[in-house]
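The values are calculated or read from the model by the stated rules, or taken from the named source; none is laboratory data. Model, not experiment: these values are computed from the prediction. All Cβ positions, glycine included, derive from the backbone under ideal geometry; neighbour counts span all protein chains shown. The protein model used for the area step is the full one, side chains on, heavy atoms only, and it has no ligands, DNA or RNA in it. Shrake-Rupley method; radii C 1.70, N 1.55, O 1.52, S 1.80 Å.
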Amino acid sequence: MTEKNQSNSIYRRKVSPLEGMFFHAPYAIVTMVARIKGRVSEDMLQKAVTKARKRHTNLKVRIEYDESEVPWFTTEDVRNIPILTFTRENNQSWIEIVDQQSRVPFDFEQRPAIRFILVKSPDISELVILCHHMICDGMSLAYLARDILNYLGDPSQPVEILVDPDPIDKNHLPPGVSMNGLVNYFVERINKKWQEERIFFDQHDYQAIAEAYWENFNHKMVLIEFSQEKTTELVEKCKSENVTVNSALAVALASAQIKVQGTRAFHSRTTIAGSLRERLGESVGEGMGFFVGAVSPRYKYKQRLGFWENTRLFHNKAKPLYTNKNLFQDPLVWSYLEPGILESLSFKMIGRLVSRDSNRYMKLSSFSKRDDVIASMIKREKMDSFENVLIGTAVTNLTRMNFPLKYGDLELECLILKPGGAYPLVFVNLLAGAVTCSGVLSLMLEYSEERISTDTVERIRDEMLQLLGVG
């Protein structure tokens, strides 16, 4: 539901169940990095961000609650977006900064859930966009990075304001996507139980689980940057083998994990993100928001076959899964759940980690231990223990972004994606974010240090590159 007061241009829209799934989740952070050749100042970035806010509604909203404690987006009394500046020492400087800034809670009720960070030197800088998944996906931030570059390169460029795209909800799904009667029956039961057990969480509760989460878990990153030559070689090789780069990356990562870690059950479980933008009734286009589904082809690597034979088998198994029925399977069910159900998952999982010294300990600890419908959902999904590994490899590949290389006196050297997720990273062995821009493929491997060591990930990286033939 969207409301707009024409007299003072105040925009309000109810947070959708899918957006609510990410709301208050401390781990649900998407990061896009644009490495820029040329001089970029904080003043230049501030002016560019001001223009970008006019273009994208999600850069102008904060959260407010109605009388029923249901969250809404609003443009009323919204504070500025933080812009931080750091000195660039080397190509890796931004990684430590992202790690630090990811631990800082967003101020959902005061300002948009996004930060811009400039890691600068006289000749080259990284523009870091660190954004909560509630208001974006990876593609959103790729387009936003390009918008910012346009305004940096040409400050006089007029702003083309985008219509706020409808979120995915039960009223905004492709034709033919609907729930069957049995699933609907169980969803109604869950909704009914939640109404009897409902609990409200606020900013202070979020800050408490954010502190607990980052005290217990460390997200680490290993970045792989392909040269233009190696990127072209990989693309051409995949074409000759009749597979996609996506399939090649997924199988290479799975195979490399087996070689380094030994065969484990979760290595056959791969999840690949798929954009839903063009599948919705009205194209979302370049708007900001969460428009992502996923397919999960089960494939056990066959040691007797070569890498490219395995990749073709995987590709042929995954390709038929890219249908509305599969990609919208989870978003469809989530869309029919009562507001607050999906949001509460984070509090159920992390609440037990909150320190006794926290003034929210009693509330969050007792909720996390309560035997209720949320506990049943967590247990069914095997997320009741952080020891469980649900996915071996999760891949988000934005593929090739056909953006300009030059922006006035500036040049875009590459884009780097850290895709974030809907669940704590410890449930995934390896999370991979890929994007190709300016002729260069970047691949970010993100992992929980409590799950897998940096030395192991680096060995997996080396094995993967050998399999792809670009080592």
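What range in the chain is the longest one free of GluC sites (Glu not before Pro) that are in a loop by DSSP and have at most 11 other Cβ atoms within 10 angstrom?
Details: sites that count: Glu67, Glu89, Glu160, Glu282, Glu387.
After excluding every exposed loop site, the longest remaining stretch is 161-281.
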Practice task
Report, in debye and to the nearest 20, how large the dipole of the range 21-90 comes out about its Cα centre when Lys and Arg carry +1 and Asp and Glu carry -1 on their Cβ.
Solution key: 800 debye
Handout entry: Sequence-separation-based contact order of the range 1-93, relative, with Cα cut under 8 Å and 6+ spacing, percent
Key = 30 percent
Handout entry: Other-chain or far-sequence residues with amide H under 5 Å of Val159's (modelled H)
Key = none
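Taking only protein heavy atoms into account and a 1.4 Å probe, give the accessible area per residue of the range 83-235 in Å².
Accessible area per residue, the range 83-235: 45 Å².
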Fill in the blank from the handout: Debye calc, one equal point scatterer per Cα of the range 427-471, no solvent, log10 I(q)/I(0) at q = 0.14, 0.15, 0.17, 0.29 1/Å comes to -0.38, -0.44, -0.55, -1.10
Fill in the blank from the handout: By the Cα gyration tensor axes a ≥ b ≥ c (a/c under 1.5 gives rounded; else a/b larger than b/c gives prolate, otherwise oblate), the shape of the range 309-365 is oblate
Exercise for the section: Answer rounded, prolate or oblate for the range 38-122, using the Cα gyration tensor with square roots of eigenvalues a ≥ b ≥ c: rounded when a/c is under 1.5, else prolate when a/b is larger than b/c, else oblate. Expected result: oblate
Exercise for the section: Loop only per DSSP, at most 13 neighbouring Cβ atoms within 10 Å: give me the chymotrypsin sites (Phe, Trp or Tyr not before Pro) in the range 306-375, ordered by residue number. Expected result: Tyr322
Practice task
Could you grab the relative contact order for the chain? Cα pairs under 8 Å, six or more apart, rounded to a whole percent.
Solution key: 24 percent
Practice task
Quick one: what are the phi-derived ³J(HN,Hα) couplings along the range 131-138, Karplus 6.51/-1.76/1.60 with θ = phi - 60°, whole Hz, x for glycine and proline?
Solution key: 9, 6, 4, 4, 10, 7, 10, x
Exercise for the section: Report the charge-dipole magnitude of the range 321-471 in Debye, nearest 20, computed about the Cα centre from +1 at each Lys and Arg Cβ and -1 at each Asp and Glu Cβ. Expected result: 540 debye
Practice task
With a ≥ b ≥ c taken as the square roots of the eigenvalues of the C-alpha gyration tensor of the range 21-67, please select rounded if a/c is under 1.5 and otherwise prolate if a/b is larger than b/c or oblate if it is not?
Solution key: oblate
Fill in the blank from the handout: With a 1.4 angstrom probe the carbon and sulfur portion of accessible area for the chain, in percent, totals 46 percent
Completion exercise
Heavy-atom accessible area per residue of the range 299-379, all protein chains kept, 1.4 Å probe, expressed in Å², is 52 Å²
Handout entry: Unit charges at the beta carbon, dipole of the chain: most positive-side option, Ser227, Phe108, Leu353
Key = Ser227
Fill in the blank from the handout: Violations at 24 Å Cα threshold for listed pairs Lys60/Lys192; Lys192/Lys363; Lys300/Lys382 -> Lys60/Lys192
Problem - Diffusion coefficient, µm² s⁻¹, Stokes-Einstein with Kirkwood Rh over alpha-carbon pairs of the chain at 20 °C and 1.002 mPa s - result: 93 µm²/s
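Using only the heavy atoms of the protein chains and a 1.4 Å probe, how would Thr393, Thr244 rank by accessible area, largest first?
Thr244, Thr393
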Problem - Selection from Pro167, Leu182, Ala212 lying farthest towards where the dipole of the chain points positive, charges on Cβ - result: Leu182
Fill in the blank from the handout: Computed over the range 72-174, the Cα gyration tensor eigenvalues, each multiplied by 5 and square-rooted, give semi-axes in Å (largest first) of 27, 18, 14
Completion exercise
CD proxy, 222 nm, the chain: helix-only mean residue ellipticity via -39,500 (n - 2.57) per DSSP H run with n ≥ 4, per residue, nearest 500, stands at -11000 deg cm²/dmol
Fill in the blank from the handout: Taking every C-alpha to C-alpha distance in the range 330-471 and binning by 5 Å from 0, the per-bin percentages run 2, 8, 13, 15, 15, 13, 11, 9, 7, 5, 2, 0
